[in-house]
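Structure, as structure tokens:
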Amino acid sequence: MARKPFIAGNWKMNTTPAEAKALAEGVVGQLKGFAAADVALCPPFVCLETVRGAVQGSPVLLGAQNIHWEASGAYTGEVSAAMLKAVGCQVAIVGHSERRQFFGETDESVRKRLGAALAAGLQAIVCVGETLAEREGGQTKAVVERQVRAALQGLEPAAAERLTVAYEPVWAIGTGRVATPAQAQEVHAQIRGLLAERFGGGAAGAIRIQYGGSVKPDNAKELLGQPDIDGALVGGASLKAGDFVAIVKAAG
Ligand code: PGA
């Protein structure tokens with residue numbers, strides 16, 4: 001089954017609104033006329049409105065880096081699906097390893113965030129991946145299986161249409177130490193199998209599985225050439241329009 005590649009830029013805690021505007025305009029300008037991949041930009045919350053203006057009228061999607069499961073209320077520092085939609089978000093990342101590692105996110109909170117994003121009609125990118133200690137301890141498959149199963153628990157099968165899974169080995173994020181295409185493909189194939197168990201083979205064949213972790217213009221093509229790697233979640237290299245666009249074009 002042909003899956004359209006999906007490349008998302010995770011800007012993390014970078015860019016002021018002015019910097020975000022320039023970066024988004026650069027990406028949109030350099031991607032003019034390019035339709036071979038879906039593209040999303042995920043700036044910090046305070047830059048969403050600005051980036052919305054920059055991507056308006058282009059096929060580039062607007063994404064948030066996180067989302068809370070409640071509609072509103074006393075949840076200091078959190079942002080709801082309705083708020084994200086009101087500023088034009090179409091995509092939300094959930095369960096990024098930095099959220100899990102540094103901000104106490106658990107399989108359970110990730111499941112709730114994912115459910116809320118999908119229930120609200122957003123596309124969701126749910127991140128999974130093992131730490132270096134887990135890989136070296138031979139636990140990669142078990143960790144990924146636990147994270148995927150937990151995240152998908154209770155999801156309506158119809159929601160799978162808006163689901164993307166990002167496999168991001170923690171040891172490859174921001175380290176310059178990229179997984180080899182074979183290492184990534186092996187886990188992507190495992191994830192595809194878990195999706196098939198959960199949603200059936202047809203639906204699983206349509207779900208995009210992104211790789212994330214030190215994706216750069218010079219390694220993107222080989223990674224994206226693997227049969228179950230359907231895109232990339234790009235951190236550092238998404239902060240330079242030229243590098244990010246080169247990665248997008250490697251997918252197309
Ligand atoms: P990186 O980040 O590309 O800087 O390794 C990827 C991510 O965390 O999504």
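Where a number appears in this text, it was derived from the coordinates with a stated rule and is not lab data. For clarity, every value in this text was computed on a predicted model and none was experimentally measured. Cβ coordinates were reconstructed from backbone atoms using ideal geometry, including for glycine residues, and neighbour counts include every protein chain displayed.
Data table
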| quantity | calculated |
| --- | --- |
| Value at 222 nm in deg cm²/dmol, rounded to 500, when DSSP H runs of n ≥ 4 in the chain each add -39,500 (n - 2.57) | -12500 deg cm²/dmol |
| J(HN,Hα) series, the range 52-59, from Karplus relation 6.51 cos²θ - 1.76 cosθ + 1.60, nearest Hz, glycine and proline x | 4, x, 6, 8, 4, x, 10, x |
| Fewest-first sequence of Phe6, Phe244 by Cβ atoms within 10 Å of each Cβ | Phe6, Phe244 |
| Share antiparallel - DSSP beta bridges, the chain, percent rounded to 5 | 0 |
| Span per principal axis, largest first, for the Cα atoms of the range 1-144 (Å) | 45, 41, 31 |
| Among 172-180, 159-167, the order from most to least packed when residues are scored by Cβ within 10 Å on average | 159-167, 172-180 |
| Sites Ala22 and Lys85 - FRET efficiency at Förster radius 22 Å, r taken between beta-carbons, to 0.05 | 0.30 |
| Whichever lysines have a C-alpha closer than 27 Å to that of Lys21, once near sequence neighbours (fewer than 8 apart) are set aside | Lys4, Lys12, Lys32, Lys85, Lys216, Lys240, Lys249 |
| Relative contact order %, the range 44-145, counting alpha carbon pairs below 8 Å whose residues are six or more apart | 25 |
| Label-to-label distance, nm, for residues given as Ala2 and Thr175 (7 Å Cα→Cβ offset) | 3.7 |
| Relative intensity, log₁₀ I(q)/I(0), of the chain from a Debye sum that treats every alpha carbon as a point, q = 0.13, 0.16 Å⁻¹ | -0.74, -1.18 |
| Relative contact order of the range 103-205, pairs being alpha-carbon contacts under 8 Å that are 6 or more residues apart, as % | 30 |
| Relative contact order, percent, the range 6-251 [alpha-carbon distance under 8 Å, six or more residues apart] | 20 |
| Residue order, fewest to most beta carbons within 10 Å, for Trp11, Trp69 | Trp69, Trp11 |
